[in-house]
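Take a look at the structure below.
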Amino acid sequence: MDPFEIKTKKPEEYLSSLKDIYPAPYDKTTTSPYTKTRIILATGAEYEAAWFSHQNQRTVTDCDLRRDMALLRYVEKQQQQKLANLKPINESLLETTIAYEQLAVDLTAEMAQKESNFAVKKALDFALLEDFDHLYRYADLLDMDDGVHAERLVGGYTEIMPARPTAAHHRHPYDNVKEHINNYENNTQTILNTMIITAAEQQTMNYYMNGAAFYKNDQGRKLFEEISLVEEEHVTQYGALIDTSGDMLEKMLWHEYAEAYVYWSNYMTETDERIKKIWEEYFETEVSHLNAVKELVRKYLNKEYDEVIVNHKFPTPLALHENVDYVRKILADTVQYTGDLTEYENIDNLPTNHRFFRFNSRLTDPVGEEAGHKVIADYIKNQGKDYRYEKYDHPIKALRERCKDNCAVGIKPDAAKSSGFTPLENIG
Ligand SMILES: [Fe+2]
Ligand SMILES: [Fe+2]
Ligand SMILES: [Fe+2]
Ligand SMILES: [Fe+2]
């Protein structure tokens, strides 16, 4: 699929009425979890498109260009809001949160398994374990507060169990900054992965940040607050990977291309016929943006689109599906790792005065009392053992214990064994 070969109407033709942008919501009990996660993925891509454009307007003086940007941005905003309102009224903040973390797990795992750039793959594998752990903490809160078992919400596709514990995710900001890729040295899949995962994590960070204060008790508000800060770290990590070169309009062309790819992927993999029609319509809308920005690149930069996006045929669609074995492998191999400037390191090998230990204990003091641990400890106190959904034994021995929350893995040297990250070509 080459989106540049598709003819569309002008962007203005894709404006909707207020009536049209308020959709009938999905049924939360019968809709596939992956339909829900595809909706979240697309809302994240739209938010990124709109805010990238807002930020850039502040650097552009030409009002002709600003008007063209404003028109596209307004359409993005309409798309964003329609998708956000597919969530039904009766789906709670915390139930939607389970879908956010399931998306983070299964999107990250899907990308990592196709990622040929080892630095990008390491970033994906690294944050994968953290979002996987968030899913477990939120799931225990959901059962404790509302008696809802998250395994139903994830459709049994994604396991729910402790990973690198959330308390270990608090790193010094210096240790989240990675080297950026170069679009001319990397394949289209890698470029799309860096952009799409950044948009998804940013959407998650904003959702938790804004949602935290609406949760019904202190425990939950604290958990949202804590995990939102971790998502901020993820946005820094992934955003750092994105190519820094190129003019704003070249970056905008890439944004439209990435949005078109998200909708095409959703269309290709959707099982819900009604939602599939939205993906089809929005794919066409994005191609109209792509064609419009192609003209702007020509007009203002005197460049052709294929000088910016050299390999413009889409890679295979992004597919959301179960990744149980892959997640277990990454868990077994890398649970003890943390960020160390632009690299990752096993905490067993860090000097005792490394800023990780200093920063982490400053945030989580006293150990075991921060929300991520507290929610599990309280659950165990009430029920005797934690809530989890495992297909077989946990791959990390120290995390098999269900009657006592583990406060050491990923924080204390020698709390678990980890062999390290593996590049794609070495995974059988
Ligand atoms: Fe859009
Ligand atoms: Fe997360
Ligand atoms: Fe995340
Ligand atoms: Fe767009």
Legend entry - Tally, over the range 226-273, of residues that are among the polar types (S, T, N, Q), surrounded by 18 or more Cβ atoms within 10 Å (Cβ to Cβ) and in contact with a Pro (Cβ under 9 Å, 6 or more places away or on another chain): 3
Inset, instruction - Would you please name the residue that is surrounded by the most Cβ atoms within 10 Å (Cβ to Cβ), looking only at residues in the range 164-195 that are of a type in the set (A, V, I, L, M) and in contact with a His (Cβ under 9 Å, 6 or more places away or on another chain)? - result: Ala167
Legend entry - Residues that are outside any loop (DSSP other than H, G, I, E, B) and of a type in the set (A, V, I, L, M), drawn from the range 137-174: Ala139, Leu141, Leu142, Met144, Ala150, Leu153, Ile160, Ala167, Ala168
Legend entry - Candidate set: the range 269-306, residues that are within 21 Å of His321 (Cα to Cα) and of a type in the set (Ser, Thr, Tyr); chosen: the one farthest from ligand 2 (Cβ to nearest atom): Thr271
Inset, instruction - Return the only residue of Ala112, Ala123, Ala127, Ala199 being crowded, with 24+ Cβ neighbours inside 10 Å, farther than 28 Å from Asn382 by Cα and within 16 Å of ligand 1 (Cβ to nearest atom). - result: Ala199
Legend entry - Scan of the range 48-77 for residues that are surrounded by fewer than 20 Cβ atoms within 10 Å (Cβ to Cβ), in a helix (DSSP H, G or I) and either among the polar types (S, T, N, Q) or touching a Gly at 6+ places or on another chain (Cβ under 7 Å) (or both), ordered by number: Gln55, Asn56, Gln57
Inset, instruction - Name the helices (runs of 4 or more DSSP H) wholly inside the range 268-364 in which the number of residues that are of a type in the set (Asp, Glu), within 24 Å of the chain's Cα centre (by Cα) and modelled with pLDDT of 95 or more is 2 or more. - result: 273-301, 324-334
Legend entry - Glu201 vs. criteria within 16 Å of ligand 2 (Cβ to nearest atom), over 25 Å from Leu320 (Cα atoms) and part of a helix (DSSP H, G or I): no
Inset, instruction - Could you tell me whether any residue of the range 34-49 is modelled with pLDDT of 95 or more, over 19 Å from Glu151 (Cα atoms), away from ligand 2 (no atom under 16 Å from the Cβ) and over 14 Å from the mean Cα position of the chain (by Cα)? - result: yes
Inset, instruction - Within the range 205-225, identify whether any single residue is surrounded by 24 or more Cβ atoms within 10 Å (Cβ to Cβ), touching a Pro at 6+ places or on another chain (Cβ under 8 Å) and outside any loop (DSSP other than H, G, I, E, B), and answer yes or no. - result: no
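The values are calculated or read from the model by the stated rules, or taken from the named source; none is laboratory data. Given the structure is predicted, the values throughout are model-derived calculations rather than measurements. Backbone-built Cβ (ideal geometry, glycine too); neighbour counts: all protein chains shown.
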